Structures are given as C-alpha cells and as structure tokens.
1. With the Cα gyration tensor of the range 88-135 giving a ≥ b ≥ c as the square roots of its eigenvalues, does the rule (a/c under 1.5 for rounded; else a/b larger than b/c for prolate; else oblate) give rounded, prolate or oblate?
2. May I ask which of K77/K215; K98/K258; K81/K156; K200/K222; K158/K200; K158/K185 have a Cα-Cα span longer than 25 Å here?
3. Which FRET efficiency, nearest 0.05, do I255 and E52 yield, Cβ-Cβ r, R0 45 Å?
4. If I fit a long axis through the Cα atoms of helix 15-28 and take the longest principal axis of the Cα atoms of the chain, what angle between them do I get, 0 to 90°, rounded to 10?
5. Need one number: nm distance between label points at K185 and L121, each 7 Å from Cα along Cα→Cβ, rounded to one decimal.
6. Place the peptides 203-214, 138-149 in order of packing, highest mean first, counting for every residue the other Cβ atoms within 10 Å and averaging per peptide.
7. Looking at the chain, send over the antiparallel percent of its DSSP beta bridges, to the nearest 5.
8. Note down the nm distance, to one decimal, between modelled labels 7 Å out along Cα→Cβ at R211 and at M168.
Amino acid sequence: MLKLDKLYQNKKITMSNLNSTLTRSRNKTSTPTLIWQPATVEGVWIGHAAEEGPTVGIMGGVHGDERAGVEFIRSAKSKVKIKRGTVVLMLGNLKAIKNHVRYKDINLNRHFNKHEVIKPLKSGKEPYEANRVEELIPFLDMCEAVLDLHEYNNPKDKPFIICERDSMKTALKMGAPIISFGWCKSEHGGSDDYMHSQGKQGICYELGARRATAKDVHLADKVVPRFLAAHGLTDAKLPPLFRKPMLVQTLKAVIRAKGQYKLGRSFKSFEKLIPGELIAVNGAESIYAEPGQVIIFPEPDAPVGDEAFLLGAIVNN
Ligand SMILES: [Zn+2]
C-alpha cells in the first residue's frame with residue numbers, strides 16, 4: 001500500500017501542510033471552495049472541502065470509449081460542489097482514453113482486485129491495465145463510497161445502476177429506471193465489486209449510449225450531486241431521478257463458445273424474455289428462457305471467449 005504522503009506530487013503540498021491549510025480554512029469560513037491537490041498518479045485529483053466529512057470517489061473512463069464519464073471527470077473540478085469532506089476524481093484507463101478504445105490489453109473493469117495475479121500477455125509483457133489497477137486501488141481505499149460512470153452500446157437501452165444490495169439505499173436515492181445487483185458473482189472485478197469486497201459502497205451508473213456523450217454528461221451532472229448528497233457531502237435535498245425502478249438480480253454471464261453462435265432474435269438489454277423462448281444457440285448448447293428472466297448486454301457479434309450476454313431475474317414485479 002502506498003503511503004498518502006507519497007501520492008502527492010507537488011512537494012509544497014504534503015499531508016501535514018495540507019492539514020494546516022485545511023484547519024485554517026475550516027476555522028475561517030464555510031464557503032464551498034475546494035482545495036485541489038495534485039497526486040503523483042496521473043489522472044487523479046483530490047478535492048477537500050473546508051469542513052471535515054466523508055471521502056468519496058468519482059471515476060470515469062474505466063472503458064476508454066465511454067466518453068461521458070471522461071468528459072465529466074475532466075470538467076468536474078469546476079462542477080463538483082461539496083460542503084464537507086473530500087472528493088477523489090479518477091480517470092480509469094488512461095491509455096484506452098487516449099486512444100478512444102475500450103481497453104488496451106485487458107478489460108480494466110474485470111480486474112479491480114488487489115489479490116488477483118494478472119497473467120502476462122502472450123508476448124510476456126504485463127498488461128497495461130495491471131499497472132493501472134495498482135495505481136488506482138490506493139485511491140479507492142481512501143474512499144467510503146465510489147461512483148463509477150459508464151455508458152452502454154445500444155441507444156435503445158435505458159440508464160441503469162449496477163450495485164450490491166448494501167448500496168441499494170444510495171441507489172434508490174439517486175434513481176435509475178433499472179437497478180441491478182449480483183454482479184459481484186456473475187461478472188466480478190468492477191470498482192463496485194471491489195468496494196463491496198471491502199465492506200464499502202460502490203455504484204456503477206450506466207448513463208446512456210456511448211455515442212450520446214453530451215446527453216449522458218448532462219445526466220451525470222444530475223447523478224453526481226445526488227450521490228454526494230446521499231453520502232452527506234452536501235445538504236442538498238434532491239428527489240430521485242427515477243422512481244419505482246425495476247430491480248434485477250443478475251444470474252450468470254454466458255461466454256461465447258467455439259462453433260455456432262446466434263441469438264434467438266434481436267433483444268434489448270434488460271428486456272423481459274418470454275418463458276420458453278430460444279435465447280441463443282451457443283456452440284453445442286441451446287439456451288431457453290425461464291419465467292421472470294431478462295437478458296442483459298446481448299452481443300450478437302461476441303468473439304469466442306468473450307461475454308455473449310448475461311441472464312438476470314426480475315425481483316420486484
Ligand atoms: Zn463501461
């Protein structure tokens with residue numbers, strides 16, 4: 001684990017003189033001006049309010065081709081207003097962000113796990129993302145809760161939240177048409193799974209379709225203040241963005257097998273399946289829907305070995 005003092009690039013801002021700056025500021029005024037502190041790790045910024053309080057993280061660009069989170073984080077220093085506590089802003093996969101691709105070597109969103117030994121690439125080199133995870137985890141560890149901003153593929157899909165049940169209260173306060181949980185079992189390694197594994201809160205907010213960046217940043221502008229208020233960094237009273245969400249328990253990820261692969265029809269994500277209908281032919285297996293099931297992230301062109309789709313169950317209606 002890195003020591004906090006080591007994380008600060010600017011030698012003029014050490015933890016001790018930062019604390020005295022904050023004490024002076026706390027004694028003087030309660031204006032919501034944040035003191036921003038550069039960290040030695042690229043793509044991470046730490047902002048302290050004058051008043052003491054919880055530390056929470058906001059992350060974007062874990063997938064480099066999901067630009068809304070990236071745009072939000074890049075403009076967050078001027079947007080984020082808190083009354084108390086500390087906000088840690090993080091850009092996820094810097095190399096993927098630079099090249100507008102999902103990831104460079106491996107999917108960062110499956111490797112937030114400090115105990116995992118990530119395999120080297122066929123070339124023998126360490127995947128870039130293995131190093132980036134190591135850089136980011138100390139900052140996740142500073143936080144009691146992290147909000148991770150993502151986008152999805154299909155413009156017909158609705159925004160949704162991924163979290164575990166212990167973050168459900170916050171998720172309901174923020175609001176989304178769909179709140180899904182159980183991903184720590186079906187598809188682990190996201191920042192939400194990591195925070196959950198540490199007994200803390202992690203929320204992944206899927207804002208909208210990837211190519212609708214401006215619209216999705218606009219939603220992030222509403223989501224983030226609700227997350228900050230839910231954790232007590234502001235006193236804002238903001239109603240949930242959506243009420244009465246569909247609650248979905250994810251069941252399992254289906255991996256594209258070798259040989260034939262074809263979806264039974266065109267599906268939307270979180271679409272309710274008709275019991276008995278053919279979901280997909282996957283290699284030697286034909287998969288049929290069971291009552292109350294939904295399909296999540298159907299990928300008609302999934303390459304062999306990648307996730308073809310997930311199955312979930314509606315748990316509230
Ligand atoms: Zn994503």
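Quick note: the coordinates plus some simple rules give every number you see, no bench work behind them. The structure presented is a predicted model; accordingly, all values stated were derived computationally and were not measured. So basically every Cβ, Gly included, is an ideal-geometry build from the backbone, and we count neighbours across all protein chains shown.
1. On the way: a/c = 2.20, a/b = 1.20, b/c = 1.84.
It comes out oblate by the Cα gyration axes.
2. Details: K77/K215 20 Å; K98/K258 33 Å; K81/K156 32 Å; K200/K222 23 Å; K158/K200 27 Å; K158/K185 23 Å.
From the list (K77/K215; K98/K258; K81/K156; K200/K222; K158/K200; K158/K185), the Cα-Cα distance tops 25 Å for K98/K258; K81/K156; K158/K200.
3. Details: r = 47 Å, r/R0 = 1.04.
Here the calculated transfer efficiency is 0.45.
4. 70
5. 3.5
6. On the way: 203-214: 20.7, 138-149: 22.8.
The densest-packed peptide leads the list: 138-149, 203-214.
7. Expressed as a percentage, antiparallel bridges in the chain total about 55.
8. Here the answer is 3.7 nm between the modelled labels.
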